[in-house]
Each structure stands twice: as structure tokens, then as C-alpha cells.
1. Taking segment 163-255, which GluC sites (Glu not before Pro) meet the DSSP loop condition and have no more than 14 other C-beta atoms within 10 Å?
2. If you roll a 1.4 Å probe over the heavy atoms of the protein chains, what accessible area per residue do you get for the chain, in Å²?
3. Which entry is the computed mean projected area of the Cα convex hull in nm² for this structure: [x] 22.1; [y] 17.6; [z] 16.5?
4. What are the trypsin sites (Lys or Arg not before Pro) within segment 90-141 that DSSP puts in a loop, where the Cβ has at most 14 other Cβ atoms within 10 Å?
5. State whether segment 156-293 is rounded, prolate or oblate according to the following rule on the C-alpha gyration tensor (a ≥ b ≥ c being the square roots of its eigenvalues): a/c under 1.5 gives rounded; otherwise a/b larger than b/c gives prolate, and the remaining case gives oblate.
6. Given a 1.4 angstrom probe, I'd like the percentage of the accessible area of segment 291-338 that is carbon and sulfur, rounded to a whole number.
7. Any chance you could check the Cα centroid distance between segment 187-260 and segment 89-159 for me, in angstrom?
8. Which links in 205/302; 34/186; 136/318; 34/205 stretch past 32 Å when you go from one Cα to the other?
Amino acid sequence: MNNIKSSVRGHGGYGWKYGLIDLSSNMNPLGTPKELIYLIEEAVEQSHYSHYPTELGDELREALASYEGIDPSMTYVFNGATEALQMLIMHLRPRRVVIPIPNYSDYIRISRLVNTEIVLTEYWSLGPLSDLILGKVVPGTVFVLSNPNSPMGYLIRSDELLSLTEKVRRQGSLLLVDESFMDFVKDNQSLIKHVDEYENIIVVKSYTKFLAIPGLRVGAVYTRINIEDLVPTWPTNSIAEYAVSRFMNHAHEFRELTVNYVCEERRRVFNALRGLNINYYDSSTHYFVIKHRPSLGDDLLKLNFLIRDLSNIPPLSKGYFRVSIRSVDIDNEFLNALSKVIQIKH
């Protein structure tokens, strides 16, 4: 599997439906790597769907652990990160869940399933996170966050999170970090390599964003805590296990391609946004948030561009939108459409 190349199709690998260009999705702008597509096709041709996957996703477990540089004994496979998050919260039954907001909205939904106290605190990556959090931590607290942040895209350095981890450990609490977008970040700040040092760190990660395979659902948990009983029997399907476990042996090259493309294209798009006087939030990843008039989403939709309205994510309101980077051609079309839209008088 030499010369790994992305499958950057005319539509970014997905997102065109009835002429609509979807910039609301946060899948990899390079699309699904061709080699992974070949492996999926190979799995089907070899009728892997006709037999069960390994009982605990062991083949995939070994491959993901190798990719992350961690022992497989601290790696647990799940059917996507959302399933993993839900199983963890239901198992931990925390006394309190503390969530810095804006953040991934499912953290709140999942926490409500166990009828725990939910404490939301605004954090915009200005100043140390611990200054806002520590006063809200009681014994039995689970502190949940995404890093890089979803939807804002900011990145918290690993040394800051490790310091916070030590402080909440003294209060009988733990840190649950969702790193589903870390593979898009040049300055990797993953805590996965530190979980063997801290028993109160749990890292959850989705690989469907990075590999652009949302239909296959591949997620993992990395922790010193023995959660084998939480893992469903056959936590992934046989097609995903066959294809992804084999591709992960070569995924570092695809990650490098992804990071290089995202850094270069994000810089170009941000330069264009500044030229249009569009307010945007700096981002470490392939999506970013812009703030404009509330009608911007509807105006762009008339030109067949869909962006993500963030008004349902507290404390954001109407006028906040997430946009994801796509191919150069699509991004140019979007910037042209945006230029037209902002000239419309309201």
C-alpha cells in the first residue's frame, strides 16, 4: 500500500445532493482514502459480512493501539465515539458533569440520561481553563470536553490538561476528553499517550471523521480503567474491522496529507474571509465558526450552499455558523457565493 493518496473528488467525497453543496459536515475534506475504499471492496468481495467480527473488535483494537502508540490493553473499540460516550457516562454515573461551552451538544444529551447535575460554564479559550473549572468540581465529577473543541476549533495544550487532570484527581474526579478531531491538527496535543500515567483520564476518539466513513462507525476509548465489560459483544462490524484495521497500518501518511492540506487551505480561506470583513474564530482544525447576520445561512442556501447553524448549541445564538473546508474549487465557489450574499442589503 505505497503512495497513499486521498480521493479528493469534485464534491469533496460527499455532500452534493440535488445540487446542494454541504459545508456543514465535518468529515475529512480529502474524502475517504482510496486504499481504504479498496479494502472495503475487498472485504465485501471476500464475503466478510457472512461471518462475525472478532468478539471485542480485537483485530481493530490492535491496529488502533499501534496507530496511537499505546498498549492494546488500554484500548477499547466501540461503534463510534457517541456510543462510547454514552456507555461511559452510564457506567460512571457521575454526581456532576461539568462541560465548558460552546461544546458538542451530545455531551448534555447523554448526561441527561443518567439524571446527573449538569454544570455549564462558558469558555472561549481565553485564559487557563482550570480557573473556570476547579470551583465547580466536587467529588464524583466528570469533566467533559472536546479537544480540539467542537464546534469552535480551538486547541488546549496537553500540559494544561494534564495539570488540570492532577488537580481534579485530588478532588476525586476525572477528565473525559473527546479527541475526535485531533488527527486534523498539526500541533498534536493528544492525551492518549498519557493515559497509562493517569487513572483519571479517559480519552474517546472517533475515526469516522478522519477517514470520512460515517456509515461504518469506528470509535475507541483509551484508559487505564478496565472497561471491558462495557464493550458490547461485536462492537464493530466485520467489514469495518477488516478494512480499517488494515488501513491503520498506513494511516500516518494519510494523516500527514490531511494536516498539510488543512493548514494550507485554512490559511488561504481565512485570508479571503479577512478580505471580505467576515468575523471568524481562529481554528486549529478543518472547520471554523463565523459570526454574521442571522439570515446568512438562508441566503447561502439560496445559492446551494449549506452551512451549520449553531444557534442550538449554548451559549451560541442566531448568527453563529460552522463552515468546513472542502476542496480548493468548492471553497472558491463558497467564497464567491459569500461575497455575493454579504452585498445583499437587508
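1. The qualifying sites are 197, 199.
2. Result: 43 Å² per residue.
3. Identified label for the calculated read-out: [y].
4. Hits after loop and neighbour filter: 95.
5. oblate
6. About 50 percent, which is the carbon plus sulfur part of the accessible surface.
7. First find each Cα centre; the distance between them is then 21 Å.
8. Working: 205/302 35 Å; 34/186 22 Å; 136/318 28 Å; 34/205 22 Å.
Long pairs (Cα-Cα over 32 Å): 205/302.
The values are calculated or read from the model by the stated rules, or taken from the named source; none is laboratory data. Given the structure is predicted, the values throughout are model-derived calculations rather than measurements. Note: ideal-geometry Cβ built from the backbone for every residue, glycine included; neighbour counts use all protein chains shown. Surface accessibility is based on the protein's heavy atoms, side chains included, excluding ligands, DNA and RNA. Shrake-Rupley method; radii C 1.70, N 1.55, O 1.52, S 1.80 Å.
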